[in-house]
Amino acid sequence: MGLVAAKMRNQGLALGAAVVGICLLFVSLPASVLADGGMIPISDVLVYEPGQKAIIGWDGQNEVLILSTDVRGDSDTMALQVVPMPSQPESVEQGTFDSFERIGELLDDRFPSPSSWFDCGMAGEEGGDGVEIVFHEKIGAHDIRVVKAADAGELVEWAEDFLAQNEIEYEISSPELESVVGDYIEEGINFFVFDLIEAGSSPESVEPIVYSFKTDFLYYPLKMSSIIPGTTDITLFLLTPDPLHLGRLAESQPGGMKIARADDGKPIQCEIDQQELESIDQRLADLLGENAWLTTLESYGSVLLASLDEDVKLTPAFLGSAEKSEGSVVARLTWLWVLLGLAVLGLGWMVYVRRKRASQLRWVREYMQRLHDALRGQGRGNNG
């Protein structure tokens with residue numbers, strides 16, 4: 001196993017993407033929790049989010065998002081995470097840690113290892129007037145609900161009722177939380193995944209969950225983390241049918257992210273084949289087909305969670321490498337010059353043909369005139 005993959009396992013690298021959300025603790029004594037995901041501290045509890053990682057496959061219309069969480073507490077606790085979604089998930093299934101180890105192995109094979117990698121029931125329930133539960137299922141250690149919300153206040157109120165049903169009596173409402181949730185709803189992102197998990201006193205990685213949903217932009221939620229204190233390191237492994245345009249990524253810095261680079265300075269972007277895709281996760285291979293491009297984005301070191309004021313959203317305009325785009329421009333210019341050259345040649349040929357025909361006509365006219373003059377001279381001689 002490569003260095004990256006080994007350290008991923010050793011450090012419990014579960015991707016907790018800006019999955020962000022809300023972590024609430026149910027404990028009899030003050031506790032501290034370490035989790036790879038967004039959390040809201042309550043009471044005397046100390047909450048940290050030192051790292052976020054995600055594998056994201058996107059074909060321009062559909063996304064497969066693989067998420068997991070590392071959790072540690074001073075005592076047994078319950079944790080609730082919330083993940084904003086741009087559309088209702090079409091499937092919610094269990095994943096494996098092998099996906100992340102395989103990503104690490106593939107990158108180890110191609111690039112020097114950058115040190116920054118190592119820091120690291122269905123519809124029908126009652127949810128209130130502005131809240132609709134569209135999915136509920138227990139998957140391994142996860143108790144997942146997908147909720148559609150039209151109002152931020154009612155969503156937070158529903159979350160508190162949900163916790164109360166699980167004997168967790170804490171108020172989580174705050175102006176900051178309702179403001180961020182309200183921003184998502186205004187943007188049309190009104191599906192939220194609630195995942196209730198158990199956290200023990202020893203570090204433990206919860207089995208990954210794989211979400212599949214429709215979206216016309218590659219999506220990863222970051223802004224929800226802004227309500228959490230502390231800093232975090234973020235790494236995103238993006239899989240797309242065509243290479244992402246490195247120039248546009250460097251210019252726009254989506255979500256405040258930058259292109260990850262190997263120790264030799266090369267951008268971490270490479271093509272992987274169908275067999276390698278299948279080794280990461282069959283659902284990614286089904287989504288992307290024969291091959292795909294792997295591009296890695298990362299934060300600028302440890303960033304303040306409060307500074308995460310936008311999500312990662314990449315439209316189809318980001319597909320296509322700078323080299324391909326530049327080559328396309330050169331090809332178009334080349335064809336333009338070829339067509340212009342052909343037009344000049346054609347025009348020259350037409351001029352040549354017209355002049356040649358004019359010359360031929362003049363010769364014919366002159367010949368006919370000489371012949372006419374000769375015949376007239378011969379006629380006069382005979383008459384004389």
**Study point:** Length-normalised contact order for the stretch 231-351 - Cα pairs under 8 Å, 6+ apart - percent
**Key:** 38 percent
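Summing Lys, Arg as +1 and Asp, Glu as -1, what charge do residues with Cβ under 15 Å from the Cβ of Glu176 carry, Glu176 excluded?
Here the charged neighbours net out to -3.
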Practice item. Report the GluC sites (Glu not before Pro) located in the stretch 258-301 that are in a DSSP loop and have at most 10 other Cβ atoms inside 10 Å of their Cβ, or state none. Key: Glu290
Point to revise | Gain upon complete extension [Glu176, Arg365; 0.36 nm per residue less C-alpha separation] | key: 58.4 nm
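Read-outs throughout are calculated quantities, based only on the coordinates presented, and are distinct from any laboratory measurement. The structure presented is a predicted model; accordingly, all values stated were derived computationally and were not measured. All Cβ positions, even for glycine, are placed from backbone atoms using ideal geometry, and neighbour counts span all protein chains on display.
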